[in-house]
Each structure stands twice: as C-alpha cells, then as structure tokens.
Amino acid sequence: EPLRVGGAFLYLLMLKEILKRLADKAVPARCLSCNLPGTYLCPDCESYLPYLEQSLCPVCTRAAVDGFTHPRCRSRFAPDRLFVPFRYYGVMAAAVKKLKYRSATALADFLARLLVEEMTESDFVLGHEAVLVPVPLHPVKQLERGFNQSALLAGSLGKLLKIGVVDGVLRRIRETPSQTKLKGKEREKNVRGAFGVNQKKGILFRGKDIILVDDVFTTGATLRECNRVLKRAGARFIYLLAVAKD
C-alpha cells in the first residue's frame, strides 16, 4: 500500500540520517586547510580565512554601509540588511561543501561560531523579537539528503545567540531546478512562487524581526524571494544571513 511504502521509506531515511550523524561524531575533526587533527580550523590556518572585503546591499548586491539596503533599493517587500562575512573560497568553500554534500553535520556548530564571532565584531544588533528562519528545502530534496544544512546552521546559531528558531512554517512549495548554472534574472524567475507560508502558523511572523539563514549567497535570488513571502506574511524587519558570498 502507498502509505506503508511511504512510511517505510521515511523510516529508512531517518535511520540513514541517524547513522550518518553517529558516524560524523565518531570521526575526529581535521583542519579543512592543512588536515591537522583536532579542529576544523587550526590556529595557523585561521589567519587565511577568506573575508569578504566589503558589505553588500541585499537587493543590488553592490557595496553598502554595514550591508543595509540602499535608499534607492528600498521597497515595501525589500529585505533590510545583508550580513555575509566570508568569500566562498578556500577553507570556507570546503567547509560549506562538506556540510552540504558530505553530511558533516558537526560543521554547522563550527560555521555558526565563526558567524557569531563576526556578528559580534561587526556590532550586528538583533531586535528583541528576532527569530531565526532557515531557507527550506523541498520536502523531496530534504528526504533525499536527510537534512537541511540551513536548518542545521540556524539551530546552531539559535543556541549561541539564545534566540528562537522557527522552522517548518516557511515552506518550499515548488521544486525548482538547480540555480548553479543560471544567471541573475534566470535565478529570480526560477524561484518566483517557490515558497509559501503555512497559513495557520503564519501569525508567528507578524511584527517579528527575522534573520533568514542560508549557507551561500550568490545573486541572492532565493533569499530575496523568501524575504518577499515573509514580508507579505507580516514580518517587520528581515535581515539576510549567509556564511559566504560566491
């Protein structure tokens, strides 16, 4: 019967993820740059972190003071600020790829710690009603992968920042082709209408300040579309947060 097959499939995927996480914990961390055991980034290699040289406007992605949206780029449903401290290069590219494609889930804590350190250094102030919202995967993609890397990052950030994480209310309602080979306008078109808010739980976003969390910021099309949906649901200020800019 379809229900039983679906249930068995879901159970096997859950078991697979549990085994992945156990295996991940059993393997000691090694420096992503020089392979020294004991940490994902040894003190010597930490000095080679590829920092992004300037803050960017979340709408036009040009240089902007502290990542705030340019006055000329502001609109009713535009995001308010972008925080992305690293370039998607070298050790940061290796870390994100390992988290995203090799199920190295412990890397979420490592990347979250780096993000919080940079947020503190940049005096990134969060509102009293702020919540973290991860960019969702399509349910089929999440079942295949076994986890959502953005949700793992948001969970780790929530623990460090001591703020809430709202997962499962913002949903990907349409599966989209990979953005990898698409250009700016094509990316915008590809994700348009791909996200929605659970109407029964959408009230959770009303009047809130939201930090939208993703792993990589390329053109920003996905984050901006998520932002648009959340602003329409009543969110107040929305900050876009990513680990690295590609």
Check: C-alpha center the stretch 82-102 vs C-alpha center the stretch 133-206, spacing in Å is 18 Å
Extending each Cα 7 Å along its Cβ direction at ARG30 and ARG62, get the distance between those two points in nm, one decimal.
4.5 nm
Area accessible to solvent at TYR51, 1.4 Å probe radius, in Å²
100 Å²
What is the log10 of I(q)/I(0) for the stretch 48-168, computed with the Debye formula using one identical point scatterer on each Cα and no solvent, at q = 0.10, 0.12, 0.13, 0.17 Å⁻¹?
-0.35, -0.51, -0.60, -1.03
Roughly how many nanometres apart are two label points built 7 Å out from the Cα toward the Cβ at HIS138 and ASP123?
4.4 nm
List the aspartates and glutamates whose alpha-carbon lies under 13 Å from that of LYS201, not counting same-chain residues fewer than 8 positions away?
ASP167
What is the diffusion coefficient of the stretch 85-143 in µm²/s, taking the Kirkwood radius over Cα pairs and the Stokes-Einstein relation at 4 °C with a viscosity of 1.567 mPa s?
96 µm²/s
Give the ranking of ASP209, ASP80 by solvent-accessible surface, highest area first, calculated with a 1.4 Å probe.
ASP80, ASP209
The pairs in LYS141/LYS231; LYS185/LYS245; LYS183/LYS231 lying past 21 Å Cα-Cα in this model are LYS141/LYS231; LYS183/LYS231
Just in the stretch 24-94: which trypsin sites (Lys or Arg not before Pro) are loop by DSSP and have at most 14 other Cβ atoms within 10 Å?
ARG62, ARG74, ARG76
Apply the membrane-span-like helix rule to the chain: whole DSSP H runs, Cα extent along the own long axis of at least 15 Å, mean Kyte-Doolittle hydropathy at least -1.0. List the helices found.
2-26, 90-101, 107-121, 149-161, 221-232
What part of the accessible area of the chain, given as a whole %, is carbon or sulfur when the probe is 1.4 angstrom?
55 percent
In what order, largest first, do THR222, THR120 sit by accessible area if the probe radius is 1.4 Å?
THR120, THR222
For the chain, the per residue accessible area (1.4 Å probe, Å²) is 55 Å²
Kindly provide the helix-only [θ] at 222 nm of the chain, computed as the sum of -39,500 (n - 2.57) over DSSP H runs of four or more divided by all residues, to the nearest 500 deg cm²/dmol?
-12000 deg cm²/dmol
The ³J(HN,Hα) series, computed from each phi in the stretch 70-82 with the Karplus coefficients 6.51, -1.76 and 1.60 at θ = phi - 60°, rounded to the nearest Hz and given as x for glycine or proline, is 4, x, 6, 9, 6, 7, 4, 10, 7, x, 9, 6, 10
Which number comes out as Rg/Rh for the chain once both Rg and the Kirkwood Rh are worked out on C-alpha atoms?
0.96
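The values are calculated or read from the model by the stated rules, or taken from the named source; none is laboratory data. Keep in mind the model is a prediction, meaning the values are calculated, not measured. Note that each Cβ is placed from the backbone with ideal geometry, even for glycine, and that neighbours are counted across all protein chains shown. What goes into the accessible areas is simple: the full protein's heavy atoms, side chains included, and nothing from ligands, DNA or RNA. Shrake-Rupley method; radii C 1.70, N 1.55, O 1.52, S 1.80 Å.
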